[in-house]
């Protein structure tokens, strides 16, 4: 089964790699239709999440937001495959960090940094663009894929411009291994927390509901006393993104436990509220 899945995946990489960007978004429109209307991929989850967060929306605007969220999903799927064939010039043109100079005082002093973001707009290209625009060691955490052939390919491809991909299952070992190396750690910490990890989670108010957030950013920023920056990725138009950095704290140990996660959740919520269609609503955030 892994071989069949791998063949389909590599064929997709080859075909999408040959498609020019203008045509890619015509294909994405069709993929959105398939996901939303035919397969109805997690449609109940998307609609329920949007009802929870935006109960004031009327039926027309709710329907519009569902459609736009599936367009974001389709764009992310195809852009995520397209990046395997993208050049450094294309990445720099399409995923630009506006204010990388904010990090320089810390990096010059040999201070590592944690960058947190959400599954918002195109977070995948960040693992490629960061190492092109900021000259230091970059580690991006990801969830290891079940297919070992595809997982190996993804890790090698994401590392083509210098970023190292590390499994979230080896977070502690990764921080320890890089303890003496000035490093930017990239973490998307808005995934649904697994039942077995609820005791480790931080519970914060998110869209008016108590929500479990992953403990990683807070745990390791406090353990190593690392500054934490929020990475705000905004879609300017299809295929083009601007990234703005903002400091959450450079003294995590001075904050009450749980406060950093609260700050992160509030920042993420503010961003989603302004442009909700660009968040990944197919996550099962609440049950």
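The values are calculated or read from the model by the stated rules, or taken from the named source; none is laboratory data. All figures in this text were calculated on a predicted structure; none of them were measured in a lab. Note: ideal-geometry Cβ built from the backbone for every residue, glycine included; neighbour counts use all protein chains shown.
Working only within segment 30-43, note down all residues that are in contact (Cβ under 8 Å) with a residue 40 or more places away in the chain and part of a loop (DSSP other than H, G, I, E, B).
Filtering segment 30-43 for residues in contact (Cβ under 8 Å) with a residue 40 or more places away in the chain gives 31-32, 41-42.
Those that are in contact (Cβ under 8 Å) with a residue 40 or more places away in the chain and part of a loop (DSSP other than H, G, I, E, B): 41, 42.
Which one of these is part of a helix (DSSP H, G or I) and buried (at least 19 other Cβ atoms within 10 Å of the Cβ): 27, 46?
On the way: 27 fails: buried (at least 19 other Cβ atoms within 10 Å of the Cβ).
Sole residue among the options that is part of a helix (DSSP H, G or I) and buried (at least 19 other Cβ atoms within 10 Å of the Cβ): 46.
Among 253, 169, 156, which is the only one that is touching a helix residue (DSSP H, G or I) at 6+ places or on another chain (Cβ under 9 Å), surrounded by fewer than 18 Cβ atoms within 10 Å (Cβ to Cβ) and not in a loop (DSSP other than H, G, I, E, B)? Before you say what the answer is, go through the steps one by one.
Values: 169 fails: touching a helix residue (DSSP H, G or I) at 6+ places or on another chain (Cβ under 9 Å); 156 fails: touching a helix residue (DSSP H, G or I) at 6+ places or on another chain (Cβ under 9 Å).
After applying the criteria, what remains is 253.
Check whether at least one residue in segment 134-151 is touching a residue at least 12 places away in the same chain (Cβ under 8 Å), surrounded by 20 or more Cβ atoms within 10 Å (Cβ to Cβ) and in a helix (DSSP H, G or I), and report yes or no.
no
Out of the residues in segment 1-24 meeting the condition of being at pLDDT 95 or above and assigned to a loop (DSSP other than H, G, I, E, B), tell me which one is surrounded by the fewest Cβ atoms within 10 Å (Cβ to Cβ).
Going through the qualifying residues, I end up with 20.
Going by the structure shown, is residue 213 buried (at least 21 other Cβ atoms within 10 Å of the Cβ) and either under 15 Å from residue 263 (Cα atoms) or modelled with pLDDT of 95 or more (or both)?
yes
With 34, 52 as the choices, which residue is surrounded by 11 or more Cβ atoms within 10 Å (Cβ to Cβ) and in contact with a strand residue (DSSP E or B) (Cβ under 8 Å, 6 or more places away or on another chain)?
Numbers: 34 fails: in contact with a strand residue (DSSP E or B) (Cβ under 8 Å, 6 or more places away or on another chain).
On inspection, the qualifying residue turns out to be 52.
Quick grid of which residues meet (1) at positive phi; (2) in contact with a helix residue (DSSP H, G or I) (Cβ under 9 Å, 6 or more places away or on another chain); (3) assigned to a loop (DSSP other than H, G, I, E, B):
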residue	(1), (2), (3)
52	no, no, no
55	no, no, yes
69	no, yes, no
74	no, yes, no
79	no, yes, no
90	no, yes, no
107	no, no, no
111	no, yes, yes
123	no, yes, yes
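Working only within segment 197-228, note down all residues that are under 26 Å from residue 112 (Cβ atoms) and assigned to a strand (DSSP E or B). Let's see the steps before the verdict.
Going through segment 197-228, the residues under 26 Å from residue 112 (Cβ atoms) turn out to be 197, 200-202, 204, 213-228.
Once the filter is applied, which keeps residues that are under 26 Å from residue 112 (Cβ atoms) and assigned to a strand (DSSP E or B), segment 197-228 yields 202, 204, 213, 228.
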